[in-house]
Amino acid sequence: MRKLMGALLLLCGAGLWCLARRREGMLPVRVGRALLGDLAVLSYEIRTRRMPLPELLGEVLTDGLGAEVLWGPLSERLSEEGAALPRCWRESVRALPPPLGRMLEPLGALLPEGGAALAEAVEETREELTGFLREETVRQASQGRITAALSLAGACLAILVFV
C-alpha cells in the first residue's frame with residue numbers, strides 16, 4: 001500500500017510540475033494577448049479621439065492584465081517621476097516578459113508626438129505581436145507535450161527503481 005501511495009504521489013508531483021512549467025511558459029502569451037487588445041484600444045483612441053496617453057492611462061487602459069503589467073506601472077512612473085514619456089515607456093516595457101518589451105520599445109519615441117505616425121506604428125506593432133503570439137502558441141503546445149512526456153517518464157523510472 002505504501003508503494004502504491006508513493007507511486008501516486010510521484011505521478012501527481014510530476015503532473016503538477018508540468019502544469020506549473022506550462023503556466024510559467026505561457027506568461028508571455030497571456031501578457032501578449034492582453035497587450036494586443038490594449039494596443040487596438042490605444043490605436044482607436046489615437047485615431048478618433050486624439051486623446052493624450054496620460055489621460056488614456058487613467059480613463060481607458062485601467063483593467064486587465066495589460067494594465068497590471070504595463071499601463072499601471074507606466075502611469076505610476078509618469079505621475080511620480082514627472083520624467084519624459086519615452087524614458088518612462090522604455091523602463092516600463094523592459095519589465096515585460098521577453099520578447100514583448102523589445103517589440104513595444106520602439107513606440108516610446110513616437111508617444112510624445114502622437115498622431116498618424118504613432119497610430120501606424122501601433123498597428124505595425126500589433127501585426128508583429130500577432131505573429132509572435134501565433135508562433136509562440138504553437139511552440140508552447142509542442143514544448144508542453146515534450147515536458148509532460150519527460151516528467152512522466154522520469155516519474156515512472158523513479159517508481160520502477162524504488163519499487
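The values are calculated or read from the model by the stated rules, or taken from the named source; none is laboratory data. The structure presented is a predicted model; accordingly, all values stated were derived computationally and were not measured. As a convention, Cβ positions derive from the backbone with ideal geometry for all residues, glycine included, and neighbour counts pool all protein chains shown. Side chains are part of the model used for accessible areas, which takes the heavy atoms of the whole protein and leaves out ligands, DNA and RNA. Shrake-Rupley method; radii C 1.70, N 1.55, O 1.52, S 1.80 Å.
Structure notes:
- Vicinal HN-Hα couplings computed from phi for the stretch 41-49 (Karplus, 6.51 cos²θ - 1.76 cosθ + 1.60; Hz; Gly/Pro x): 5, 4, 4, 4, 5, 5, 6, 9, 9
- Largest accessible area first, the listed residues Glu59, Glu45, Glu105, Glu80 line up as Glu80, Glu59, Glu105, Glu45 when surface is computed with a 1.4 Å probe on the assembled protein chains.
- Counted by Cβ distance under 12 Å from Ala95, the other residues give a net charge of -1, where Lys and Arg count +1 and Asp and Glu count -1.
- Dipole magnitude (debye, nearest 20) for the stretch 104-163, charges at Cβ of Lys, Arg, Asp, Glu: 640 debye
- Environment charge of Val163, counting only residues whose C-beta is closer than 12 Å and scoring Lys/Arg +1, Asp/Glu -1: +2
- Taken per residue, the accessible surface of the stretch 57-163 reaches 56 Å², heavy atoms only and a 1.4 Å probe.
- Rounded to the nearest 10 Å², the accessible area of Val161 at probe 1.4 Å: 100 Å²
- A cut-off under 12 angstrom between Cβ atoms defines the neighbours of Ser151, and their net charge, with Lys, Arg +1 and Asp, Glu -1, is +3.
- The candidate values were (i) 19.5, 63; (ii) 21.5, 71; (iii) 14.7, 44; the one computed from these coordinates for Rg and Dmax of the Cα atoms in Å carries the label (ii).
- For the chain, carbon and sulfur atoms together expose 60% of the accessible surface, with a 1.4 angstrom probe and every protein chain in place.
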